[in-house]
Amino acid sequence: MDILVKEDYERLSLAAARLIAQQLRRKPESVLGLATGTTPLGLYRELVRMHREEGLSFARATTFNLDEYYGLAPSDPRSYRRFMEEHLFAHVDVDPARVHLPDGLAPDGEAECARYEQAIAQAGGIDLQVLGIGRNGHIGFNEPGTSLGTTTQVVDLTDETVSVNSRLVQAEIPRRAISMGIKSIMRSHAILLLACGPEKAEIVAKALEGRVTPDLPASILQLHPNLTVLLDREAAAFLSPGEAAAEVREVL
Ligand code: GLP
C-alpha cells in the first residue's frame, strides 16, 4: 500500500489525474474503473482540462463505473450515468460504445449483474479502479456486512447512505442499486482510493489500519497488492503516527 498525503483537495485532484493520465499514456487502451460522488469531481475536472489543453486522449480506453441506482433511467438527473456524462464523458473523446455502467432499468437485475461481470471480463479486467469511500466505509455500494466474495449484485442501501446521497442530489434516491461486488473490485490490477475532508478521517484510519472485516468493506483493500491511497491532510488526520507514518510519503 502506498499512502500519499496532499496538502489540500486541489493538489489531491491533480495527483489523481496525473496517475490516470500516466496509465492512459502508458496503455491507451486501458480499462478504467470509475467512481461517482463528490470526491472525484476535482479529478474529472482536471482530466477534462488535460484533454483540452494537453491532448490527453480517452479514444481507445474502456470504462466501467462501479455502480448505478436501480430503477433510474440513464437520463434521470439523479443517475450516475448522468453524473458521469456531465462531469467527464461529454467533455472528452471517450468512445460511447466503450463506456459501461450497470443498466438501472434492467428488468432482470440478476441477469444484468451477470452481463456486467461478463463485460468486464471480456474487456480483459480493470487496469486501474478509482474508488471513493462512503462515511460508513462502503466502496461502490457495498455496504457494511457485504460478503468479501461478492461480484456485481443488486444491493439494498442503508438508511444513512440513502439520506447522505439524497441530500447530495437534493432529491430522494432509490433504496436499491446495482454495484460491482468486493471481489469484482479486488480483481482490478491496480486501485486508487481517494478520500478528502475531515468527515472521512475516522473511517480512513479504521479502513487502512484496523482489522480487515466485512463490517468495514474498504478494509479489504489492505489486502490488495497494488493499492495507492491519495488523501488530503484532513482525511489523513487520524492515521496513527506510529507504524502507518512510515508508509506515509509526503508529496507536497
Ligand atoms: C456513493 C458512491 C461511492 C462513493 C461514495 C462517497 O455512495 N456509490 O462510490 O465512494 O458515495 O461519496 P463522496 O465522495 O461524495 O463522499
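FYI, it's all coordinate maths here, none of it is from the lab. Quick caveat: nothing in here was measured; it's all calculated off a predicted structure. Methodologically, a virtual Cβ is constructed for each residue, glycine included, from the backbone with ideal geometry; neighbour enumeration extends over all protein chains shown.
A few notes on this one:
- Note on the range 101-161: dipole from Cβ charges, positive end direction compared against Gly149, Val130, Ile120; the farthest Cα belongs to Val130.
- For the chain, convex hull of alpha carbons as volume per residue, Å³: 115
- Beta bridges per DSSP with both ends in the range 79-222, % antiparallel, nearest 5: 55
- Counting DSSP beta bridges with both ends in the chain, the antiparallel % (nearest 5): 25
- Approximate spin-label separation Met1-Asp93, in nm, with each point projected 7 Å along Cα-to-Cβ: 3.9
- Protection-proxy order for peptides 123-135, 97-109, each taking the mean of Cβ atoms within 10 Å per residue, highest first: 123-135, 97-109
- Binned Cα-Cα distance frequencies in the range 130-252 - 10 Å width, integer %: 13, 45, 33, 9, 0
- The shape of the range 82-139 comes out rounded: with a ≥ b ≥ c from the C-alpha gyration tensor, a/c is under 1.5.
- Positive minus negative residues near Ala119 (Lys, Arg vs Asp, Glu; Cβ under 14 Å): -1
- Per-residue ellipticity at 222 nm computed for the chain from its helices equals -10000 deg cm²/dmol, with DSSP H segments shorter than 4 residues left out and the rest contributing -39,500 (n - 2.57).
- Net length gained if the chain between Leu41 and Asp156 were fully extended (0.36 nm per residue, minus Cα distance): 38.9 nm
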